[in-house]
Structures are given as C-alpha cells and as structure tokens.
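The values are calculated or read from the model by the stated rules, or taken from the named source; none is laboratory data. A quick note: this is a predicted structure, and the numbers were derived from the prediction, not measured. Here the Cβ positions follow ideal geometry from the backbone for every residue, glycine too, while neighbour counts run over all protein chains shown. The protein model used for the area step is the full one, side chains on, heavy atoms only, and it has no ligands, DNA or RNA in it. Shrake-Rupley method; radii C 1.70, N 1.55, O 1.52, S 1.80 Å.
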Amino acid sequence: MFNRAVSRLSRKRPPSDIHESDGSSSSSHQNPKSTAKWAASLENLLEDPEGVKRFREFLKKEFSEENVLFWLACEDFKKTQDKKQMQEKAKEIYTTFLSSKASSQVNVEGQSRLNEKILEEPHPLMFQKLQDQIFNLMKYDSYSRFLKSDLFLKHKRTEEEDEDPPDAQTAAKRASRIYNT
C-alpha cells in the first residue's frame, strides 16, 4: 500500500508545472513535444528548424539529403522578390539539383524538360511541380522511415525523460528504500 502511495507521489507534477490562475502553464513544457508535432505530419517537421536538422541528419545517413535541401531551396526561392536575385537562385538550384552535371542531383520526372532557357525568365513557382514530386517522395518514403529510425526514437525518449524529472523518481526510490527496510 505504501509503495502505491509513493508511486502516486512520484507522478505528481513539479511546482513549475502548476497552472497559473489564468489557466496557462508556468512550465517550459506548455508547447507540445516537438517529436509529437513531427510525427503528426511532414509539414510540421519541415516548419521546425530542429525537425529539419534531425531529418537532414537522417537523410544524410540514407544518402538522400539532397531531397530536403532541394525542397528548402525551392521554399527560399519562392520568397525571393528581386528579379536578379531570383535569376541567380534559379541558376543555383538548377546547377546544384537538376542539371545532368548537378553535384546533388535529385531524382524527379521531367527534369530534362526544364532547360536552361527558362532560367532567364524565372518566376516564384517555376520549380513547384518538381518540388511537389520531391515532397511526395519524402512523405511516402523517407519520412515514414525517419519516424521509425533510432535517431527519431532517441530524440523522443530524451524529450520524455526531460518531461519526467529524475528527482521525483529518485525521491520515491529513496523513500521506498527507507520505509521498506
């Protein structure tokens, strides 16, 4: 019976997690865990800089980091306003990811149809179809493997351990040892 009481005590939230009178939590854990957000969708993962970092790390091990780099470059390209900058970025994306001599070539259908002439008159959505192909490739292939990977699961465990302070568990174990002897 005492062990159950100690167990219940150890599950109580630390004072920092007690809600304020306005209903908001005073804890740093008020945002959902990042791994939970990442697991909800690839979109959520790609919106979080830490998620992108972890996903890139995973893709690097799978020799397909160029996919997320291409996707990110296209996102950045779409935000570009200046015509000259847009031209430079379009050429950079083409030479880095799409040309037959690309250093980090992505595997997309129709890349041969995108010739260098289109780079002279760039527009924000010129890479959209190719970006969508890469997004779907990541979503239905790499992303599902990432969620099962040691890298992701280790990060998830670390988050969960950070949520359960070891002090509470240690105090419960100490109390259990003291009163059970």
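Some observations on this one:
- Scanning region 76-95 for residues that are in contact with a Leu (Cβ under 8 Å, 6 or more places away or on another chain) and over 15 Å from Glu120 (Cα atoms) yields one hit, Lys78.
- Within region 85-100, being modelled with pLDDT of 90 or more and open to solvent by 70 Å² or more (accessible area, probe 1.4 Å) holds for Gln85, Glu88, Lys91, Glu92, Thr95.
- Among the residues of region 135-164, those that are closer than 10 Å to Thr35 by Cβ and hydrophobic (A, V, I, L, M, F, W, C) comprise Leu147, Phe152, Leu153.
- Every residue from region 119-167 that is buried (at least 18 other Cβ atoms within 10 Å of the Cβ) and of a type in the set (Val, Ile, Thr): Ile134
- Some residue of region 32-42 being open to solvent by 60 Å² or more (accessible area, probe 1.4 Å) and either in a helix (DSSP H, G or I) or modelled with pLDDT of 95 or more (or both): yes
Okay, residues lined up against (1) at pLDDT 95 or above; (2) of a type outside the set (A, V, I, L, M); (3) within 24 Å of the chain's Cα centre (by Cα); (4) part of a helix (DSSP H, G or I):
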position	(1), (2), (3), (4)
Leu72	yes, no, yes, yes
Ser103	no, yes, no, no
Asn107	no, yes, yes, no
Ser112	no, yes, no, yes
Phe135	yes, yes, yes, yes
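- Screening Asp82 on (1) open to solvent by less than 40 Å² (accessible area, probe 1.4 Å); (2) at pLDDT 90 or above; (3) farther than 29 Å from Leu42 by Cβ shows it passes everything except condition (1).
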